[in-house]
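Undergrad: One structure, as structure tokens, below. Some questions next.
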Amino acid sequence: MEIKEIFRDKGLRLTLQRRAILEALQGQGFKTALELFQEVNRLHPGINFSTLYRNLELFVQTGLICRLKGPEGALYGLRRISKHHHHAVCKMCGAAYPLSRCPLEDMGEELQRLGFTVTEHCFEVYGICENCRDHMEEVSRC
Ligand SMILES: [Zn+2]
Ligand SMILES: [Zn+2]
């Protein structure tokens with residue numbers, strides 16, 4: 001679905017600022033709110049941080065983007081898989097790759113035995129992506 005249609009579908013107004021935020025979110029890399037703020041401000045000066053932050057949270061709630069726990073705080077990026085998923089996060093470049101399986105699926109029985117009701121969970125895998133690893137190897141060969 002196109003961005004315009006998604007917004008219409010959710011009853012949201014597609015403002016210039018919202019469009020600028022979504023443009024800054026293009027690409028594989030996940031970014032912090034501050035990085036996105038700097039990028040949006042460079043192209044469209046005048047947006048304030050709390051507006052940007054509110055819009056990011058709104059996009060998370062409507063399922064347009066993913067928020068994940070990065071090595072140094074929350075990271076935001078476009079949502080690429082509509083079903084529930086987790087991410088492998090590169091500690092060097094911030095790229096986040098969606099993982100289709102959820103580890104919670106294996107814990108259902110155990111949680112049931114405990115009589116535990118799950119309200120939320122988070123699971124991220126950290127490491128170094130293929131691009132960064134190749135680059136490191138190039139550097140070390142010199
Ligand atoms: Zn990387
Ligand atoms: Zn999960």
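Undergrad: Tell me, please, whether a residue that is in contact (Cβ under 8 Å) with a residue 40 or more places away in the chain and either in contact with a helix residue (DSSP H, G or I) (Cβ under 8 Å, 6 or more places away or on another chain) or part of a helix (DSSP H, G or I) (or both) can be found in the stretch 98-114. So that I can check it myself, show each step before the final result.
TA: Initially, the stretch 98-114 is screened for residues in contact (Cβ under 8 Å) with a residue 40 or more places away in the chain, giving none.
No, because not a single residue in the stretch 98-114 is in contact (Cβ under 8 Å) with a residue 40 or more places away in the chain and either in contact with a helix residue (DSSP H, G or I) (Cβ under 8 Å, 6 or more places away or on another chain) or part of a helix (DSSP H, G or I) (or both).
Undergrad: Of all residues in the stretch 83-97, which are part of a loop (DSSP other than H, G, I, E, B) and in contact (Cβ under 8 Å) with a residue 60 or more places away in the chain? Can you show your working first?
TA: First, the residues of the stretch 83-97 that are part of a loop (DSSP other than H, G, I, E, B): 83-85, 91-94.
Cys93, Gly94 - these are the residues of the stretch 83-97 that are part of a loop (DSSP other than H, G, I, E, B) and in contact (Cβ under 8 Å) with a residue 60 or more places away in the chain.
Undergrad: Of the conditions (1) open to solvent by 100 Å² or more (accessible area, probe 1.4 Å); (2) within 16 Å of ligand 1 (Cβ to nearest atom); (3) within 27 Å of Thr32 (Cα to Cα), Thr119 satisfies every one except a single condition; which number is it?
TA: (2)
Undergrad: A further question on this structure: Checking Cys129 against (1) within 16 Å of ligand 1 (Cβ to nearest atom); (2) more than 19 Å from Leu68 (Cβ to Cβ); (3) surrounded by 10 or more Cβ atoms within 10 Å (Cβ to Cβ): exactly one of these is not met. Which one?
TA: Among (1) within 16 Å of ligand 1 (Cβ to nearest atom); (2) more than 19 Å from Leu68 (Cβ to Cβ); (3) surrounded by 10 or more Cβ atoms within 10 Å (Cβ to Cβ), Cys129 violates only (2).
Undergrad: Can you tell me how many residues in the stretch 33-62 are outside any helix (DSSP H, G or I) and either of a type in the set (Lys, Arg) or open to solvent by 40 Å² or more (accessible area, probe 1.4 Å) (or both)?
TA: Residues meeting the conditions: 4.
Undergrad: Those residues that are of a type in the set (A, V, I, L, M), within 15 Å of ligand 2 (Cβ to nearest atom) and open to solvent by less than 20 Å² (accessible area, probe 1.4 Å), I need them from the stretch 90-110; list them, please. I'd like the intermediate steps shown before the answer.
TA: First, the residues of the stretch 90-110 that are of a type in the set (A, V, I, L, M): 92, 95-96, 99, 104, 107.
So of that shortlist, the ones also within 15 Å of ligand 2 (Cβ to nearest atom) come out as 96, 99, 104, 107.
The answer is Ala96, and nothing else.
Undergrad: If you don't mind, there's one more thing I want to ask. Determine the pairs where a residue that is closer than 16 Å to Leu78 by Cβ and at pLDDT below 85, located within the stretch 1-27, has a partner that is among the β-branched types (Val, Ile, Thr) and surrounded by 13 or more Cβ atoms within 10 Å (Cβ to Cβ) with Cβ atoms under 7 Å apart, the partner being 6 or more residues away or on another chain.
TA: Lys10/Thr62
Undergrad: Can you find a residue in the stretch 106-116 that is more than 13 Å from ligand 1 (Cβ to nearest atom) and under 25 Å from Leu56 (Cα atoms)? Quick ask: steps written out before the conclusion?
TA: Initial filter on the stretch 106-116 (more than 13 Å from ligand 1 (Cβ to nearest atom)): 106-116.
Restricting the remaining residues to those that are under 25 Å from Leu56 (Cα atoms) gives none.
No, the stretch 106-116 contains no residue that is more than 13 Å from ligand 1 (Cβ to nearest atom) and under 25 Å from Leu56 (Cα atoms).
Undergrad: Is it the case that the stretch 64-82 has a residue that's open to solvent by 30 Å² or more (accessible area, probe 1.4 Å), part of a loop (DSSP other than H, G, I, E, B) and within 11 Å of ligand 2 (Cβ to nearest atom)? I'd like the intermediate steps shown before the answer.
TA: The first filter runs over the stretch 64-82 and keeps only residues open to solvent by 30 Å² or more (accessible area, probe 1.4 Å), leaving 67, 69, 71-74, 78-82.
This time we only want the ones that are part of a loop (DSSP other than H, G, I, E, B), so: 71-72, 79-82.
Cutting the leftovers down to within 11 Å of ligand 2 (Cβ to nearest atom) gives us none.
The answer is no; no qualifying residue exists.
The values are calculated or read from the model by the stated rules, or taken from the named source; none is laboratory data. These numbers come from a predicted model, not from an experiment. Positions of Cβ are backbone-derived with ideal geometry, glycine not excepted, and every protein chain shown enters the neighbour counts. To get the accessible areas, we keep the full protein, side chains included, count just its heavy atoms, and leave off ligands, DNA and RNA. Shrake-Rupley method; radii C 1.70, N 1.55, O 1.52, S 1.80 Å.
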